[in-house]
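Engineer: Provided herewith is a single structure, encoded as structure tokens, for subsequent inquiry.
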Amino acid sequence: MPTATSSGSRGNIVAALGKPLGALAIALGIVALALAVLGANPAATFAALLSGAFGNWLAATDTLVKATPLVFTGLAVSAAFSGALWNIGAEGQLLFGALAAAACGVHLAQWPRPPAIAVVLGAGTAAGAVAGALCGWLRARFAVSEIISTIMLNFIAVQALSWAVHGPLMEPSRAYPVSQALPPAACLYRFLPPSRLNAGMIAALALAPACYVWLFYTNAGFELRALGKNPRAAAFFGVPVGRVAVFAMGLSGAMAGLGGAVQLSAISHRLFERFSPGWGYEAIAVALVARLNPLAVVPSALLFGALDNGAQAIQRAQGVSPVLVQAAQGLVIFVLLAFDTPVLASWRRRGAVREDLASGRADA
Amino acid sequence: MLEAFLSSTVAMAAPLLLAALGELLVEDSGVINIGIEGVMLTGAFAAMAAAYATGSVAAGLGCAALAALAMSALFGAMAVNLAVNQVVAGTALDIFALGVTGVFYRRMFGVTGQALTVRTLRQVRLGPLSHLPLIGPALFHQNLLVYFSFLIVPAVWLALYRTRWGLNLRAAGERPEAADALGLGVYGLRWQALMISGVLTGLSGAYLTLGYANTFVEGMSAGRGFIALAIVILGEWRPGRIAIASVLFGAALALQFVLQAVNTGIPYQLFLALPYVLTLVVLTALGGQSHAPSALGEPYVRP
């Protein structure tokens with residue numbers, strides 16, 4: 001299968017901004033049109049969205065909070081897609097990560113804080129890595145499409161989480177299907193209360209350049225990108241295709257799993273059904289807008305975090321459902337894909353041939 | 001008990017079969033449509049909305065097919081004409097459909113989601129056959145869509161393997177360049193497959209609301225479209241085997257109800273996860289997709 005719309009190019013980030021921002025503008029234009037048709041006021045809706053996302057200090061910091069899981073899952077998707085490994089399962093990997101983190105975290109009340117946090121985040125990372133690597137291995141060993149296997153694991157993760165909060169991890173009074181709160185020792189450091197800024201964001205910010213360096217300045221990253229550009233050529237030149245797939249899917253899952261653990265440890269402290277509003281799926285839009293460049297994932301995640309945060313406000317202000325943002329995500333991906341269509345190049349080529357024919361240089 | 005299980009198995013298999021047959025046609029033409037999940041969800045919503053507004057089940061079915069056609073056309077424009085990455089476009093369609101149906105649902109019926117119910121497809125009893133022990137209700141006392149979904153299996157087989165059109169379609173999926181050179185019109189064939197699939201998947205979505213749930217819930221397709229994708233692989237791209245695979249997954253879905261009723265003490269989430277686990281296990285056991293059309297998932301740009 002060919003590479004994604006825009007497989008990771010190192011290029012100049014600023015120069016690369018045009019297309020994603022243009023796509024976003026077009027998608028938002030379509031949304032505005034739809035809003036008008038539905039009878040809502042587009043300008044007021046967007047104003048409410050903006051003020052919900054950045055209107056005051058708390059709203060702005062909450063945009064950062066909402067963007068954090070998207071950085072992790074966005075990096076996960078970027079890494080996998082760079083190798084044409086279609087990991088649609090960041091959602092499940094994130095949930096498995098949160099589940100493992102919760103299962104370990106509740107037992108760490110007596111631990112000192114740094115090692116407790118390390119164990120919680122480590123458990124989440126490991127769980128996500130196993131879920132991802134499993135799909136990579138199924139692909140390498142049994143030729144099971146990672147598209148299907150990762151999607152199936154998403155659904156399995158939802159059920160596993162539901163079982164956990166109704167069963168072994170249920171809070172002691174057993175009244176609600178939520179897990180016991182993590183002990184303070186297992187909770188990530190927070191800054192500047194009442195905002196929810198936390199150490200997880202720093203981890204997310206550090207992970208992006210690390211992922212970038214791995215993808216563009218290491219052998220393993222090179223092999224993965226080679227696999228993404230042309231799997232047959234990569235195999236011919238000695239890239240261990242199976243091993244790269246397992247490792248990259250594991251790495252991708254690890255980042256998503258870490259995202260789940262960070263969310264649990266820093267923000268929610270408890271596990272519950274619908275723990276994720278779809279961060280793993282939204283990650284695909286985040287990664288594509290970032291054109292699979294790990295560094296660009298951070299601003300891209302911020303953008304979608306702002307949309308998510310603002311979406312809650314438009315419900316209150318304009319009675320427009322926040323699921324609108326999901327429709328917008330789909331549109332953004334469509335418009336971006338359309339921008340990168342190979343058909344345009346083909347038209348241009350044909351046009352050039354026609355000109356050549358007209359000027360009698362057909363044989364040249 | 002067993003009778004109810006068998007009956008439920010067939011009823012659960014029908015929407016999977018409809019969607020899988022549609023996907024089979026699309027994949028045979030060389031396109032993989034992951035967006036089938038979103039198309040199904042759109043069909044489910046449109047069926048409910050139309051049936052609720054008009055009180056007519058037929059209107060529900062018609063609107064489901066139309067809405068699903070529109071979604072498939074969106075995918076076709078991207079995947080066929082613009083030749084973009086099909087997996088990414090399909091995923092975008094799923095996300096888009098989830099958002100759009102959610103917006104419309106809340107707009108029309110409120111956030112509270114009052115227990116809306118609509119008229120459902122009538123169960124049709126096929127004479128005395130339906131009184132056969134054990135298999136009677138399963139095979140001869142179902143709604144019309146169930147009969148339809150199983151009756152089109154031979155029709156799809158005939159169309160694919162005994163008509164010129166089917167040969168052309170498969171040529172577009174195996175060697176699009178060659179098909180194009182022969183003047184078969186690869187884009188046209190892929191669009192035809194997508195449109196037929198749109199109708200079938202839309203009906204399969206309508207089945208979810210009008211056939212058994214009686215109402216609409218956001219995201220109610222719950223992975224059935226994805227399971228249909230797995231069914232096509234498991235059925236090795238052959239209509240008959242796809243029907244058998246659909247029944248297998250129908251049984252996995254039906255097992256939930258039976259086992260929940262019995263109260264085995266096993267957590268119910270295990271049963272809910274069963275179809276997805278089964279998909280993984282079966283695909284692993286099958287090991288490989290050697291039966292897939294050669295050009296599956298590769299965008300074709302006319303040179």
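Engineer: Looking at B:GLY30, B:GLY35 in this structure, which one is more than 27 Å from B:LEU272 (Cβ to Cβ), within 14 Å of another protein chain (Cβ to nearest Cβ), in contact (Cβ under 8 Å) with a residue 40 or more places away in the chain and touching a Ser or Thr at 6+ places or on another chain (Cβ under 9 Å)?
Structural biologist: Among B:GLY30, B:GLY35, only B:GLY30 is more than 27 Å from B:LEU272 (Cβ to Cβ), within 14 Å of another protein chain (Cβ to nearest Cβ), in contact (Cβ under 8 Å) with a residue 40 or more places away in the chain and touching a Ser or Thr at 6+ places or on another chain (Cβ under 9 Å).
Engineer: Looking only at the range A:39-69, which residues are surrounded by 14 or more Cβ atoms within 10 Å (Cβ to Cβ) and either touching a strand residue (DSSP E or B) at 6+ places or on another chain (Cβ under 6 Å) or more than 29 Å from A:SER268 (Cα to Cα) (or both)?
Structural biologist: A:ALA40, A:ASN41, A:PRO42, A:ALA44 - these are the residues of the range A:39-69 that are surrounded by 14 or more Cβ atoms within 10 Å (Cβ to Cβ) and either touching a strand residue (DSSP E or B) at 6+ places or on another chain (Cβ under 6 Å) or more than 29 Å from A:SER268 (Cα to Cα) (or both).
Engineer: Also: Quick check on this structure: which one of B:GLU218, B:GLU298 is in contact with a helix residue (DSSP H, G or I) (Cβ under 6 Å, 6 or more places away or on another chain), within 10 Å of chain A (Cβ to nearest Cβ), in a loop (DSSP other than H, G, I, E, B) and charged (D, E, K, R)?
Structural biologist: Matching residue, one of B:GLU218, B:GLU298: B:GLU218.
Engineer: Then there's this: Give the residue that is nearest to the other protein chains (Cβ to nearest Cβ), with candidates limited to residues of the range B:69-118 that are surrounded by fewer than 19 Cβ atoms within 10 Å (Cβ to Cβ), more than 19 Å from A:LEU38 (Cβ to Cβ) and in contact (Cβ under 8 Å) with a residue 12 or more places away in the chain.
Structural biologist: Restricting to residues being surrounded by fewer than 19 Cβ atoms within 10 Å (Cβ to Cβ), more than 19 Å from A:LEU38 (Cβ to Cβ) and in contact (Cβ under 8 Å) with a residue 12 or more places away in the chain, the top hit is B:ASN81.
Engineer: Further question on the same structure: Are any residues in the range B:273-295 hydroxyl-bearing (Ser, Thr, Tyr), outside any helix (DSSP H, G or I) and either at the interface with chain A (Cβ under 7 Å from one of its Cβ atoms) or touching a Leu at 6+ places or on another chain (Cβ under 8 Å) (or both), and if so, which ones?
Structural biologist: Result: no residue meets the conditions.
Engineer: Could you list all residues from the range A:321-364 that are β-branched (Val, Ile, Thr), closer than 26 Å to B:THR91 by Cα and more than 8 Å from every other protein chain (Cβ to nearest Cβ)?
Structural biologist: A:VAL332, A:VAL335
Engineer: Additional query: Among the candidates A:TRP137, A:TRP163, which residue alone is aromatic (Phe, Trp, Tyr), closer than 25 Å to A:GLY83 by Cα and surrounded by fewer than 23 Cβ atoms within 10 Å (Cβ to Cβ)?
Structural biologist: Step by step, each of A:TRP137, A:TRP163 is checked, and only A:TRP137 is aromatic (Phe, Trp, Tyr), closer than 25 Å to A:GLY83 by Cα and surrounded by fewer than 23 Cβ atoms within 10 Å (Cβ to Cβ).
Engineer: Need the failing condition index for B:ALA252 against (1) closer than 20 Å to B:GLY22 by Cα; (2) over 15 Å from the mean Cα position of the chain (by Cα); (3) free of Cβ contacts under 8 Å to residues at least 60 places away in the same chain; (4) in a helix (DSSP H, G or I), just the number.
Structural biologist: If we test B:ALA252 against (1) closer than 20 Å to B:GLY22 by Cα; (2) over 15 Å from the mean Cα position of the chain (by Cα); (3) free of Cβ contacts under 8 Å to residues at least 60 places away in the same chain; (4) in a helix (DSSP H, G or I), just (1) comes out false.
Engineer: Which members of the range A:138-159 meet the condition of being closer than 16 Å to A:GLY257 by Cα, within 8 Å of chain B (Cβ to nearest Cβ) and of a type in the set (Val, Ile, Thr)?
Structural biologist: Within the range A:138-159, A:ILE151, A:ILE156 meet the criteria.
Engineer: What's the number of the condition A:ILE284 fails, among (1) closer than 25 Å to A:ALA101 by Cα; (2) out of contact with any strand residue (DSSP E or B) (no Cβ under 9 Å at 6 or more places or on another chain); (3) among the aliphatic types (A, V, I, L, M); (4) away from chain B (no Cβ under 11 Å)?
Structural biologist: Tallying (1) closer than 25 Å to A:ALA101 by Cα; (2) out of contact with any strand residue (DSSP E or B) (no Cβ under 9 Å at 6 or more places or on another chain); (3) among the aliphatic types (A, V, I, L, M); (4) away from chain B (no Cβ under 11 Å), A:ILE284 fails exactly one: (4).
Engineer: Would you say A:PRO294 is at pLDDT 80 or above, surrounded by fewer than 19 Cβ atoms within 10 Å (Cβ to Cβ) and either closer than 29 Å to A:ALA44 by Cα or within 28 Å of the chain's Cα centre (by Cα) (or both)?
Structural biologist: For A:PRO294, the condition - at pLDDT 80 or above, surrounded by fewer than 19 Cβ atoms within 10 Å (Cβ to Cβ) and either closer than 29 Å to A:ALA44 by Cα or within 28 Å of the chain's Cα centre (by Cα) (or both) - is not met.
Engineer: Another one. Within the range A:205-224, work out how many residues are buried (at least 23 other Cβ atoms within 10 Å of the Cβ) and touching a Gly at 6+ places or on another chain (Cβ under 8 Å).
Structural biologist: 2
Engineer: Let me ask something additional. Looking at B:GLY183, B:GLY188, can you tell me which residue is surrounded by fewer than 19 Cβ atoms within 10 Å (Cβ to Cβ), at pLDDT 80 or above and closer than 30 Å to A:VAL332 by Cβ?
Structural biologist: None of the others qualify; the one that does is B:GLY188.
The values are calculated or read from the model by the stated rules, or taken from the named source; none is laboratory data. All figures in this text were calculated on a predicted structure; none of them were measured in a lab. Methodologically, a virtual Cβ is constructed for each residue, glycine included, from the backbone with ideal geometry; neighbour enumeration extends over all protein chains shown.
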